[in-house]
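Colleague: Pasting in a structure now, in structure tokens, and then I'll have a few things to ask.
Rule-based calculations on the coordinates, nothing more; no lab input. Just so it is clear, the structure is predicted and the values come from calculations on it, not from any experiment. Neighbour counts run over all protein chains shown; Cβ positions are idealised from the backbone, glycine included.
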Amino acid sequence: MTPSADPLSATFAALADPTRRAILARLSEGEATVRELAAPFDISLPAVSRHLKVLQNAGLISQGREAQWRPCRLETRALREADGWIGAYRRLWDAGFERMDAYLAQIQKEERDGE
């Protein structure tokens, strides 16, 4: 699947892996090289590069070119789109919780009034 075919699925697939989420967390602090990103993990540089490729294909990161370095940086557009999708459901859940809170408050009031 190409990222352009279904960007939201590519984003969630990339976020499904804890190593990739940790890489994104590190990049939220600023640019980093592949070697810097690999440092906290007990995996090979090629394995980290594969993770980076998934993140890049999902539009979550980009790589620049500075001399021999290829620093990675976080790209927030895909995360904003995922947050927007989740936000629609969050509003639905919040409305359900508000109705449940009102119902529980009504039951508690009825119990107090019945005493």
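Colleague: Give me the Å³ per residue figure for the convex hull around the C-alpha atoms of region 13-64.
Modeller: Taking only Cα atoms, region 13-64 has a hull volume of 72 Å³ per residue.
Colleague: May I pose another question? For Phe41 and Glu66, compute 0.36 nm times the residue count separating them, minus their Cα-Cα distance, and round to one decimal in nm. Walk me through the numbers before you get to the answer.
Modeller: Numbers: separation 25, 0.36 × 25 = 9.00 nm, distance 2.42 nm.
Length gained, Phe41 through Glu66: 6.6 nm.
Colleague: For Cys72, what is the net charge nearby, where nearby means another residue's Cβ is under 14 Å from its Cβ and Lys, Arg count +1, Asp, Glu -1? Could the numbers behind the result be given before it?
Modeller: Details: positive: Arg20, Arg26, Arg35, Arg50, Lys53, Arg65, Arg70, Arg73; negative: Glu29, Glu31, Glu36, Glu66, Glu75.
Around Cys72, the surrounding residues sum to +3.
Colleague: Output the peptides 29-42, 50-63 sorted from most to least packed, where packing is the average of other Cβ atoms within 10 Å over each peptide's residues.
Modeller: Final packing ranking: 50-63, 29-42.
Colleague: Okay, moving on. Given Trp69, Ala16, Val34, which one lies farthest toward the positive end of the charge dipole of the chain, if we put +1 on the Cβ of every Lys and Arg and -1 on the Cβ of every Asp and Glu?
Modeller: Of Trp69, Ala16, Val34, it is Trp69.
Colleague: Determine, from the Cβ-Cβ distance of Glu31 and Arg90 and an R0 of 35 Å, the FRET efficiency 1/(1 + (r/R0)^6), rounded to the nearest 0.05.
Modeller: 0.70
Colleague: For Ala13 and Asn57, compute 0.36 nm times the residue count separating them, minus their Cα-Cα distance, and round to one decimal in nm.
Modeller: 14.8 nm
Colleague: Can you tell me the length gained on complete extension of the stretch Arg50 to Asp113, counting 0.36 nm per residue apart and subtracting the Cα distance?
Modeller: That works out to 16.3 nm of additional length.
Colleague: Using Cα pairs closer than 8 Å and at least 6 residues apart in sequence, work out the relative contact order for the chain, in percent.
Modeller: Working: 91 pairs, mean separation 30.1, N = 115.
Normalised by residue count, the contact order of the chain is 26 percent.
Colleague: Highest first, please rank the peptides 80-87, 5-12 by the mean number of other Cβ atoms sitting within 10 Å of their residues.
Modeller: Numbers: 80-87: 12.5, 5-12: 14.9.
Peptide ranking by packing, descending: 5-12, 80-87.
Colleague: Evaluate Rg over Rh across region 7-114, taking Cα atoms for both radii and Kirkwood's formula for Rh.
Modeller: 1.29
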